[in-house]
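What follows is one structure encoded as structure tokens, with my remarks underneath.
Since every read-out is calculated from the coordinates, none of them should be taken as a lab result. Owing to the predicted nature of the structure, the values given are computational and were not obtained by experimental measurement. No Cβ is skipped: glycine too gets one built from the backbone with ideal geometry, and neighbour counts run over all protein chains shown.
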There are 2 protein chains.
Amino acid sequence: MNNATALSNHQVRLARRPVGTPTRDEWSFTHEPVPEPTDGGVVVKTLALSLDPAMRGWMNEGKSYIPPVGIGEVMRAGGIGKIIASKNPDFAVGNLVSAGLGVQEYALFAQDQIKRSGMFRIDTRMGSMTQWLNVLGMPGMTGYFGLMDVGQPKFGETVVVSGAAGAVGQTVGQLAKIKGCRAVGIAGGRAKCDWVVNELGFDACIDYKGGNVRAGLKEHCPKGVDVYFDNVGGEILDDVLARIGRGARIIICGAISQYNNTTPVQGPKNYLSLLVNRARMEGIVVFDYADRFPAAVAELAGYLKDGRMKSKEDVVTGGVNAFPEALIKLFTGENFGKLVLQVATG
Amino acid sequence: MNNATALSNHQVRLARRPVGTPTRDEWSFTHEPVPEPTDGGVVVKTLALSLDPAMRGWMNEGKSYIPPVGIGEVMRAGGIGKIIASKNPDFAVGNLVSAGLGVQEYALFAQDQIKRSGMFRIDTRMGSMTQWLNVLGMPGMTGYFGLMDVGQPKFGETVVVSGAAGAVGQTVGQLAKIKGCRAVGIAGGRAKCDWVVNELGFDACIDYKGGNVRAGLKEHCPKGVDVYFDNVGGEILDDVLARIGRGARIIICGAISQYNNTTPVQGPKNYLSLLVNRARMEGIVVFDYADRFPAAVAELAGYLKDGRMKSKEDVVTGGVNAFPEALIKLFTGENFGKLVLQVATG
């Protein structure tokens with residue numbers, strides 16, 4: 001840009017902590033001038049933002065793996081943007097970057113904030129901008145390290161993943177197939193399930209909205225479940241616990257069914273199946289694997305290129321103003337593929 | 001014996017499956033003549049039986065890590081006995097053995113049943129008969145392999161164990177101390193807690209009957225809980241989950257608080273703490289480690305000899321007729337130390 005200060009930055013800030021499902025009232029909308037970068041800093045124009053189930057957790061008070069978003073702060077979000085002003089030799093105007101941009105049209109980074117934001121240049125030869133928010137982004141990394149490091153799937157084992165049509169689920173199931181496993185998804189609705197099987201190549205997909213998950217698991221996992229990648233929690237976790245095999249590994253990645261609860265989280269009643277089956281349940285936080293992201297991205301980009309892996313993104317338009325309603329789609333299960341908010345076209 | 005057939009064998013059989021806490025009505029009492037052993041077989045006179053929380057699970061219908069006890073069958077129980085008749089070269093009359101004897105005064109083993117029963121000769125130089133049912137028996141093995149293999153405690157870490165005054169808990173806490181960890185017990189009542197600290201040398205013990213477990217954990221585990229050995233489930237598991245540290249390991253060994261439930265098992269509401277803390281929860285079944293029992297017994301017997309480990313057994317007299325009431329003591333927490341039923345004195 002020639003004069004960033006002439007630009008207005010439309011921002012979405014957390015106005016209050018939600019009880020249950022967040023509504024538009026939880027947010028405030030601000031406009032600020034876009035400042036010039038200081039020495040070593042950059043200004044990024046937001047092109048697309050990643051909308052993730054984890055966002056719901058960041059809205060709550062209390063200790064978690066990262067601090068909550070403060071009241072009055074710009075909502076935390078990862079995204080892809082374009083450098084429009086730079087006083088940093090590593091980033092030139094026009095570069096596309098991935099970073100923690102926040103739900104705003106422009107993000108200013110001082111030098112010391114650049115590293116903390118996880119900013120890096122993306123290579124669109126490896127994948128499209130939305131793929132960099134999906135398979136090549138945090139969801140892909142979560143699926144990759146959760147499955148490979150925590151799940152440790154072995155050739156011929158049965159891997160089940162919930163939220164199979166979602167961003168993490170897509171990666172998990174397709175990667176399980178590539179590694180020689182049987183992949184069984186759980187998703188909401190016939191259309192998603194058909195896509196998971198026909199397009200992504202899962203061996204089966206159980207429609208939790210349309211039927212009995214336990215019966216589906218019995219049918220599609222005749223030898224039991226060896227690895228379960230859990231994105232949803234609740235009843236489905238219990239259904240899978242009732243079907244795990246000896247030595248099974250359950251990856252606790254999320255519990256989207258529980259995030260908007262106003263009652264306590266529903267604990268897995270069948271957890272003693274871990275005892276009977278000498279099985280384990282283990283949590284994953286993707287940031288722990290940051291130093292291995294480049295290697296995983298390279299591997300996954302290869303699968304995208306050679307066609308062994310596909311990706312689907314559900315792109316919502318309307319800019320940051322559309323953020324509150326777009327976020328809800330994750331919790332109603334309306335999104336079909338990785339949910340992305342388009343903020344600008346270039 | 002000169003004539004085994006002259007002996008009458010008093011047996012306790014499962015008459016029906018209990019709902020909730022088992023009563024005397026769940027059992028039938030039979031008398032049978034004691035047969036002579038067939039070629040390769042032995043007859044064992046029961047001296048002492050191990051009473052274990054797991055017995056409650058064996059009384060239920062349905063799949064578990066071993067089949068349930070059938071209606072009309074002699075109740076399954078491990079014990080120490082004396083060979084009184086033998087047609088097997090490995091066992092001589094007078095030998096003391098540990099084996100799955102069942103709740104009966106005499107047990108007949110055909111040759112092929114001897115191995116299946118896990119029968120082996122005990123060496124009373126390594127430990128007393130009741131210690132062979134405690135630290136040197138299944139509870140000790142469960143504590144040893146659960147802590148060392150699943151829990152993987154590191155020097156300086158904090159290890160918490162529930163049922164600390166029980167058979168498994170005793171071993172876990174003392175072993176944790178020997179391995180250089182901070183050991184914190186949870187037990188019911190001041191007397192048990194005092195004994196756990198003063199006699200067994202735990203660093204602290206929280207009285208769940210007398211106070212707030214969460215506050216106790218906060219006080220006694222200032223750096224968080226690295227390893228939790230869970231024998232009880234229920235609220236206490238949730239309390240510990242709220243206090244685990246990063247990378248914590250939870251060993252699921254039992255859930256005695258839930259065994260007599262007539263309502264569904266209470267799942268751990270705080271299980272998402274596994275995610276936040278990248279922690280894991282894993283089940284153990286002691287039989288999986290059978291080929292390593294001799295090495296573990298040798299190690300633990302050494303600690304008993306050199307005084308670094310103590311053991312306490314709660315011996316109930318009255319023979320097999322006293323079995324139904326003795327078993328209940330486990331679930332009310334009345335037992336103080338490993339619960340043993342004395343069946344004969346020699």
Roughly what would the spin-label model give for A:Asn260 and B:Ser128, points 7 Å off Cα along C-beta, in nm? 6.3 nm
For a footprinting-style exposure proxy, rank A:Thr23, A:Thr263 by other Cβ within 10 Å, fewest first. A:Thr263, A:Thr23
How do B:Ile80, A:Ile256, B:Ile186, A:Ile178 rank when sorted from fewest to most other Cβ atoms within 10 Å of their own Cβ? A:Ile178, A:Ile256, B:Ile80, B:Ile186
In 10 Å bins starting at 0, how do the alpha-carbon pair distances of segment B:138-287 split up by percent? 13, 47, 36, 5, 0
Which cysteines does the protein assembly as shown leave without a neighbouring Cys Cβ under 4.7 Å? A:Cys181, A:Cys221, A:Cys253, B:Cys181, B:Cys221, B:Cys253
Nearest beta-carbon of B to the rotation axis carrying it onto A: which residue, how many whole Å? B:Gly267, 1
Rounded to 5, the percent of DSSP beta bridges in the protein assembly as shown classed as antiparallel: 55 percent
Rounded if a/c under 1.5, otherwise prolate or oblate - segment B:252-346, Cα gyration tensor axes: oblate
When each copy gets a label point 7 Å from Cα toward the beta-carbon at A:Ser8, what are the spacings between them in nm, shortest first? 10.0
D (Stokes-Einstein, µm²/s), Kirkwood Cα radius, chain B, 0.692 mPa s at 37 °C: 159 µm²/s
Any lysines whose Cα falls less than 18 Å from that of A:Lys310, other than same-chain ones fewer than 8 residues away, would be A:Lys177, A:Lys179, A:Lys192, A:Lys338
If amide hydrogens are placed 1.01 Å from N in the peptide plane, which non-local residues have theirs closer than 5 Å to the one on B:Ile122? B:Leu96, B:Val97, B:Ser98
Can you tell me which of B:Ser98, B:Ser117, B:Ser162 moves the most in a GNM of chain B? Springs connect C-alpha atoms under 10 Å apart. B:Ser117
Counting only other chains, what is the mean number of Cβ atoms within 10 angstrom of the Cβ of each residue in peptide B:55-67? 1
Taking chain A as a Gaussian network, where each spring joins two C-alpha atoms under 10 Å apart, which residue of A:Val161, A:Val276, A:Val69 fluctuates the most? A:Val276
Using a 7 Å offset from Cα along the direction of the beta-carbon, what are the separations from B:Pro67 to the same position in each other copy, nm, ascending? 6.1
How big is the antiparallel share of DSSP beta bridges in chain A, given as a percent to the nearest 5? 55 percent
Output, in nm with one decimal and in ascending order, the distances from the B:Pro222 label point to the matching label points of the other copies (7 Å from Cα along Cα-to-Cβ). 6.0
Expressed as a whole number, the average count of other chain Cβ atoms within 10 Å around the Cβ atoms of A:281-289 is 5
